[in-house]
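This report refers to the structure that appears directly beneath it.
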Amino acid sequence: MQSDAEKSGVNAPAAMAGRGGLGKNPTRSRDHNRRIVLDLLRQTSPLGRKALAEATQLSGPAVANILDDLLREGLILDMGRRKAEGEKQGRGQPPLHFALNPRGAHTLGFEISVRGVVSVMLDLVGTQISQQVLAPSGLGLHEGLAVIRQEITRAAALNAGPLMGVGIVHPGGLAIEGQETADPTTLGDWDNVSRDALAQLLGAPVWLENDANAAALSEALFGMAAHLNDVAVLYFGEGLGLGALQAGRLMRGARGHAGEIGHIVVVPDGKACSCGQRGCLERYVSRHALSEALGIPLGRGTVTSLWQDQDPRLMGWIAAAGGHLGQVVSMVENLLDPESIILSGQLPAPVLQALIAATPLRPSVAAHSARLLPRLQPGHAGIFTAALGAAALPFYDAMSP
Ligand SMILES: [Zn+2]
């Protein structure tokens, strides 16, 4: 899909546009410092002013100003005086400590796909307050916005602070010119609406992202990739996408299309694909491919019940898909050198585990004895995975330096 920046014609938020290099502009650096403080409190709470000043390398008064602002906005709580960790009680009073206020704000994440509309609501510390199936099948723009509005109203009544923002993810069309066949894994009219237009229609700040990038952010904020800076997430939506963080930043490409790994050819002269090629990975390793292999549409619970029966068609698909995935895992490792690759998405957790077990790990730069993490590991699973990532988008923007 198009990047936010491309659609809105304005600079994307720092989080999406790439970080660093903020220069000496005082407004920008104050904003940057505020993100650092929020991010530290997200990772470790409570913290005292001195610990925050040391970790941020900011002056005491600069940290105090930021904390005053955050307290006034209700985003953090004064947790009282307590001894700093590992510190002996010195003379005088122990320092004031601060923590994120769970009820300081909430975010809503929506996934729009051919399977329907689902939502996740998070509080400011990332705890899930609710998850909802809002529509059982794919909705066009007009109907989709109506259910999103209803959910915003419902969430506002839950006393979880102001709405920090709405994240929306959808698979996004491949922007390949001359593509003739409609891609069965994407929804047309959501591709052509800008972030600004959505924000106006919904009356709230909006973040737009493709599902694989959102999945990578949710793993980085709340999942297997917490504390990892270089990580790749292979994400099962209807198709297969790649979201990657490099040095803590989302890899987006020049026009936001980086990570279209589903359209890498793994079988020369293989099955025809909507992108115009033959033998694309997505034709073998995706929910769409699984549905094709089974000869039935995948409703909610279909794969779970097939797994419970150890259905031979499902088991056969897992074995074959693992073989193709092995090719791509070593390719991603050689290209991106991630600390780990996470397999996540809209398949039941035991199926993702079985797929990992069926994936042969080939020689690559990742095959070395000093590794601390598995080369391939499972992440978030199930139908709310992308919506969780969507709900993480406003956080990522507010909290990531
Ligand atoms: Zn393709």
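Among the residues of the stretch 154-190, which ones are of a type in the set (D, E, K, R), modelled with pLDDT of 60 or more and under 23 Å from the mean Cα position of the chain (by Cα)?
Asp189, the sole residue that qualifies.
Can you list residue pairs whose Cβ atoms sit under 8 Å apart, with the first residue in the stretch 140-162 being not assigned by TED's automatic domain parsing to the domain that holds Arg115 and the second being part of a loop (DSSP other than H, G, I, E, B)? Count only pairs 6 or more apart in sequence or on different chains.
From residues that are not assigned by TED's automatic domain parsing to the domain that holds Arg115, there are no pairs.
Can you pull out every residue in the stretch 286-297 that is more than 12 Å from the ligand (Cβ to nearest atom) and free of Cβ contacts under 8 Å to residues at least 60 places away in the same chain?
Leu290, Ser291, Glu292, Ala293, Leu294, Gly295, Ile296, Pro297
For the stretch 374-389: of the residues being of a type in the set (A, V, I, L, M, F, W, C) and in contact with an Asp or Glu (Cβ under 6 Å, 6 or more places away or on another chain), which is modelled with the highest pLDDT?
My answer is Ala387.
I'm trying to understand the selection: among the residues of the stretch 357-381, which are under 14 Å from the mean Cα position of the chain (by Cα) and open to solvent by less than 30 Å² (accessible area, probe 1.4 Å)?
Gly379
Those residues that are on the phi < 0 side of the Ramachandran plot and more than 10 Å from the ligand (Cβ to nearest atom), I need them from the stretch 259-269; list them, please.
Within the stretch 259-269, Ile261, Val266, Val267, Pro268 qualify.
Within the stretch 330-356, how many residues turn out to be open to solvent by 10 Å² or more (accessible area, probe 1.4 Å) and under 20 Å from Ser305 (Cα atoms)?
Count: 6.
Would you check which residues across the stretch 106-139 are modelled with pLDDT of 95 or more and either over 20 Å from the mean Cα position of the chain (by Cα) or outside any strand (DSSP E or B) (or both) and list them?
Listed by number, the list is empty, since nothing qualifies.
Looking only at the stretch 189-216, count every residue that is assigned to a helix (DSSP H, G or I), of a type outside the set (Asp, Glu) and touching a His at 6+ places or on another chain (Cβ under 8 Å) and tell me the total.
2
Tell me the residue from Gly276, Gly256 that is out of contact with any Phe, Trp or Tyr (no Cβ under 6 Å at 6 or more places or on another chain), part of a loop (DSSP other than H, G, I, E, B), at positive phi and within 16 Å of the ligand (Cβ to nearest atom), please.
When all the criteria are applied, what remains is Gly276.
Taking into account only those residues within the stretch 298-314 that are farther than 26 Å from Gln132 by Cβ and not aliphatic (A, V, I, L, M), which is nearest to the ligand (Cβ to nearest atom)?
Across the stretch 298-314, the extreme among qualifying residues is Arg313.
What are the residue pairs meeting all of these: first residue in the stretch 338-349, first residue closer than 11 Å to Val233 by Cα, second residue of a type in the set (Ser, Thr, Tyr), Cβ atoms under 6 Å, and 6 or more apart or on different chains?
What qualifies is Ser344/Tyr235; Ser344/Thr385; Gly345/Tyr235; Gly345/Thr385.
Mind checking which pairs have a first residue in the stretch 259-283 that is more than 14 Å from Glu238 (Cβ to Cβ) and open to solvent by 50 Å² or more (accessible area, probe 1.4 Å) and a second that is more than 9 Å from the ligand (Cβ to nearest atom) and of a type in the set (Asp, Glu), Cβ under 9 Å, 6 or more apart or different chains?
Lys271/Glu292; Gly276/Glu180; Arg278/Asp269
From (1) away from the ligand (no atom under 16 Å from the Cβ); (2) open to solvent by 40 Å² or more (accessible area, probe 1.4 Å); (3) closer than 25 Å to Gly116 by Cβ; (4) at pLDDT below 95, pick out the condition that doesn't hold for Ala247.
Here Ala247 clears every test but (3).
The values are calculated or read from the model by the stated rules, or taken from the named source; none is laboratory data. These numbers were taken from a predicted model, which means no experiment stands behind them. Neighbour counts are summed over all protein chains in view; Cβ atoms, including those assigned to glycine, are modelled from backbone coordinates with ideal geometry. Heads up: the accessible areas ignore ligands, DNA and RNA and are worked out on the full protein's heavy atoms, side chains in. Shrake-Rupley method; radii C 1.70, N 1.55, O 1.52, S 1.80 Å.
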